[in-house]
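Written below as structure tokens is the structure these notes are about.
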Amino acid sequence: MTSASGGADMVDWNLAVATATRLVRPGPEVSRAEAAAVVAELRRHALEAEEHVRAFTGMRSSSLAEAAATPVLIVDRPGWVRANVAGFRTIVQPLVEKLQARRASSAAAGVLGSVGEKATGIEVGALLAFLSTKVLGQYETFAPAEPSLEAPDSPAALFDKPRLGPDGPGPGRLLLVAPNIVHVERELDVDPADFRLWVCLHEETHRTQFTAVPWLRDHIQSEVQSFLSETDVDPGALLDRLRDAAGSLGGLPGLGGRGEAGQASAGLLEIVQSPAQREILGRLTAVMSLLEGHADVVMDGVGPAVVPSVAEIREKFQQRRDRGANRLDLVLRRLLGMDAKLRQYQDGAVFVRGVVDQVGMEGFNRVWTSPNTLPTKEEIHDPGAWVARVAR
């Protein structure tokens with residue numbers, strides 16, 4: 001199997017999808033009628049959540065056309081995999097071009113390139129199979145351009161089927177992973193309708209962020225592309241960085257070490273970064289903390305008025321986050337940076353609440369004015385500093 005781009009690629013994406021589809025664990029057992037009801041309810045809740053989020057935040061899409069161009073897709077786990085493969089292919093183009101240039105100077109490039117693409121395709125597929133069971137919803141910033149859906153496998157198909165692309169960058173789309181939502185609501189033993197609306201409130205906030213702030217997507221994409229363009233594809237350079245970072249891991253098997261100033265030891269992504277990439281990642285971390293924290297604050301702000309059992313849901317969901325999973329799961333989360341994702345929720349929510357307490361929601365919304373009004377990595381931990389710099 002060759003990659004859909006004709007072979008000169010970094011990953012055999014078709015093989016990645018096939019591998020993930022084979023390895024992904026089945027979702028919870030539901031009848032077809034139950035599955036259809038879940039899909040229909042999630043579609044309704046997504047529409048309802050959009051109005052609640054706009055009313056609470058005061059944020060409005062810059063145009064009806066832009067809002068309509070960012071669809072809400074209800075997917076199963078293989079559908080989530082397909083959507084993310086399409087997004088990956090869109091953002092890794094700088095790395096692909098670097099590898100293509102490097103291969104052009106090697107006599108063995110053809111054979112080694114084909115083997116490398118397939119090996120990486122299998123690795124990416126295994127990673128996506130693991131992650132596809134963890135995600136409840138996701139705003140896919142780097143979705144390919146429309147058309148974003150393939151024809152369903154059958155007229156009776158329940159779930160949306162994202163295309164693999166590549167079609168170039170599009171305006172984004174919101175994914176709700178129905179099997180995972182059902183799995184968690186059953187695990188927590190909470191009211192299904194309330195939980196589904198609660199999840200939609202969080203994810204719809206992300207959709208509103210990007211449709212109401214036209215420059216935000218391009219800004220993040222530019223930062224990501226800058227990060228990738230700084231990647232050194234020389235294996236020797238990467239090995240040197242691994243050696244330099246080996247002492248800071250604090251013991252890889254247990255992953256229990258701590259770095260300077262009480263910070264957790266580096267994950268794999270941080271180990272292979274150049275100084276320029278660390279600077280870019282600092283800015284990206286601040287932006288992602290803002291977006292995740294803002295979504296959590298909106299979810300908690302809207303929830304009591306529209307989700308009757310929100311207090312029970314929030315308590316049980318937080319306990320689930322704190323409890324974590326088995327040791328292997330925790331190791332994988334650490335290596336993949338998923339523990340950093342949880343810190344983003346916490347740090348970002350503290351920042352948003354701190355700013356709103358000082359200057360109100362209208363004052364906080366100045367954060368969306370331009371890239372210059374976004375909080376820095378330091379300001380995420382010091383809302384007053386941002387208020388002094390921007391809001392006043």
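The values are calculated or read from the model by the stated rules, or taken from the named source; none is laboratory data. Only a predicted model underlies this, so the values are computations on that prediction, with no experimental measurement involved. Here the Cβ is made from the backbone with ideal geometry for all residues, glycine too, and neighbour counts use every protein chain on show. The accessibility values were calculated without ligands, DNA or RNA, using every heavy atom of the protein model including side chains. Shrake-Rupley method; radii C 1.70, N 1.55, O 1.52, S 1.80 Å.
Counting the residues of region 20-35 that are small (Gly, Ala, Ser) and either in a loop (DSSP other than H, G, I, E, B) or open to solvent by 40 Å² or more (accessible area, probe 1.4 Å) (or both) gives 3.
Looking across Arg327, Arg343, one residue alone is open to solvent by 30 Å² or more (accessible area, probe 1.4 Å), within 17 Å of Leu290 (Cβ to Cβ), at pLDDT below 95 and among the basic types (Lys, Arg). It is Arg343. All of (1) open to solvent by 40 Å² or more (accessible area, probe 1.4 Å); (2) at pLDDT 95 or above; (3) not hydroxyl-bearing (Ser, Thr, Tyr) hold for His381 with one exception: (2).
Rundown of residues vs (1) surrounded by 14 or more Cβ atoms within 10 Å (Cβ to Cβ); (2) at pLDDT below 60, yes/no style:
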| residue | (1), (2) |
| --- | --- |
| Val224 | yes, no |
| Phe227 | yes, no |
| Glu230 | yes, no |
| Arg243 | no, yes |
| Gly257 | yes, yes |
| Ala261 | no, yes |
| Ile271 | yes, yes |
| Arg283 | yes, no |
| Val287 | yes, no |
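The single condition among (1) touching a Lys or Arg at 6+ places or on another chain (Cβ under 9 Å); (2) among the charged types (D, E, K, R); (3) modelled with pLDDT under 95; (4) not in a loop (DSSP other than H, G, I, E, B) that Glu185 does not meet is (3).
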